[in-house]
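Enquirer: Next up is a structure, given as structure tokens.
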Amino acid sequence: MMRLVAVRHVLARAARERTGTACGSAVAAPFATRFLPGRPGPARPAAGGWLRRSLLAAVLVAVAAPSLQAQLTIRLQTDRKHYLRYEPIEVTVVLRNYSGNTLIFSDQEGPNRGSLRFTVQRPDGPELRPKGRALNPVEDLILGAGETRQLVLQLNHFFDLRPEGSYVVSAQIGHQRLPNDYRSEPVSIEVRDGVPLITRNLGLPQADGGAAIAAVTATLMLFHDGERWLYCLRAETESEVLGTVRLGPQIAGVQPQMDADAASDLHVLVQLQSRLCLYAVYGVSDAGLRLRQRRFYQPDQFGPRLTQAPGYLKVVGGVPTTEGGDGSVPELQDEKPGATPAPLPPGGGAAAVVPAAPATPETPPPGGAERPARD
């Protein structure tokens, strides 16, 4: 209401100035014409100029005025600004109901029809088209009067965000009982690919003993998140990416290790801090990357290092520790939502022993050839 009154006030004032009812212009202009015929009258503004200026002022007032009419507010935020290619892009939508009524959202026609939609576009580019049928994340949502609700969603489920580059994302919500739709402030994200360090080829375990065995490529890579380089792990087949996880920050000059055992589990050993090394084991399946084991070691003169014994992979050297370092070491998680990591074995002091693959592929040097990107 305040915004509408401000706009009307500006337009009314502009009209009065145009008709000469303000600042004595109704007297000054005839006087100049009648008693000073030899002097030109005051310069007359170009046609339509006063209207354009008035409308611009009205828009500025409307934008500056607080949004007192919003009955439903929406805010969009992301968990980070830079994402590794194929990594899940998680967004949080925060909704607040100021309407004084309970709002029930439905996809069906009627008074409860309401929806949440995302808009994604490249800077100076067209909007991206959603995947398949437009999904409504707030279907069956009940938002009580005065209630605040947070919705955590993966934007990859709605749009193809595999190509590298920058994206601008916003969210818009509407309800049949409300007079307007409401849009969030846009947020910017960037999708980048990593730099491969070590690549391993393995087979995808199959529950059916007679099924064809799909080839899997596992890559340990470096990725810059806008502030620092991180170790990341990706597993993919020819047709899809099975999973992508962040392991932790890189220490310059320290060589990481990665290998696969006979069960196609991936063993990764990386140094994250000057006195902290991470050893992690990931199972690979068509459901994603599953964290099976995680241990930390302090370096000593013997390691830690990942080695092959007859039929086994194991970590030798180093001093086992339960310390996970500071906040720079991320909590390792499964890539696919809903999966539960296998518990760590008790103790933690013994070296991890897992059946090894019969042969060890050659490790390419850092900065080796990348696999062709698939859009």
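Where a number appears in this text, it was derived from the coordinates with a stated rule and is not lab data. Quick caveat: nothing in here was measured; it's all calculated off a predicted structure. So basically every Cβ, Gly included, is an ideal-geometry build from the backbone, and we count neighbours across all protein chains shown.
Enquirer: Length gain on complete extension for the stretch Ser188 to Gln121, per 0.36 nm per residue less the alpha carbon to alpha carbon distance?
Expert: Working: separation 67, 0.36 × 67 = 24.12 nm, distance 0.98 nm.
The Ser188-Gln121 span can extend by a further 23.1 nm.
Enquirer: I need the P(r) histogram for the range 169-267: all alpha carbon pairs, bin width 10 Å from 0 out to the longest distance, whole percents.
Expert: With 10 Å bins starting at 0, P(r) equals 13, 31, 21, 16, 13, 6, 0.
Enquirer: Starting from 0.36 nm per residue, how many nanometres of slack lie between Thr321 and Arg177 once their C-alpha separation is accounted for? Each step should come with its number before you reach the end.
Expert: Working: separation 144, 0.36 × 144 = 51.84 nm, distance 5.81 nm.
Once the chain is fully extended between Thr321 and Arg177, it gains 46.0 nm.
Enquirer: Turning to a different aspect of this structure: Please work out the FRET efficiency for the pair Thr73 and Asn136, using the Cβ-Cβ distance as r and a Förster radius of 22 Å; give the result to the nearest 0.05. Can you show the working numbers first?
Expert: Working: r = 19 Å, r/R0 = 0.87.
About 0.70, to the nearest 0.05.
Enquirer: Moving to a separate point now. Glu227: net charge of surrounding residues, Cβ under 12 Å, Lys/Arg +1, Asp/Glu -1, itself excluded? Please report the intermediate quantities before stating the final value.
Expert: On the way: positive: Arg80, Lys81, Arg228; negative: Asp225.
Spelling it out: positives minus negatives among the neighbours equals +2.
Enquirer: How many nm is it between the label spots at Gln206 and Tyr312, if each spot is 7 Å from the Cα in line with the beta carbon?
Expert: In this crude spin-label approximation the distance works out to 3.1 nm.
Enquirer: Under a point spin-label approximation (7 Å from Cα along Cα-to-Cβ), what is the Arg228-Ala145 distance to one decimal in nm?
Expert: Going from the Arg228 label point to the Ala145 one covers 5.0 nm.
Enquirer: What's the local net charge at Arg80, with K and R +1, D and E -1, over the other residues with C-beta under 13 Å away?
Expert: On the way: positive: Lys81, Arg192, Arg228, Arg246; negative: Asp79, Glu87, Glu90, Glu190, Asp225, Glu227.
Value of the local net charge: -2.
Enquirer: Taking the C-alpha atoms of the range 72-191, how large are the radius of gyration and the largest Cα-Cα span, Dmax, in Å?
Expert: 14.8, 44
Enquirer: Also: Please report, largest first and rounded to whole Å, the three semi-axes of the ellipsoid equivalent to the range 189-324, where each semi-axis is the square root of five times an eigenvalue of the C-alpha gyration tensor. Provide the component values of the computation, followed by the final result.
Expert: On the way: eigenvalues 131, 83, 26 Å².
They are 26, 20, 11 Å, listed from largest to smallest.
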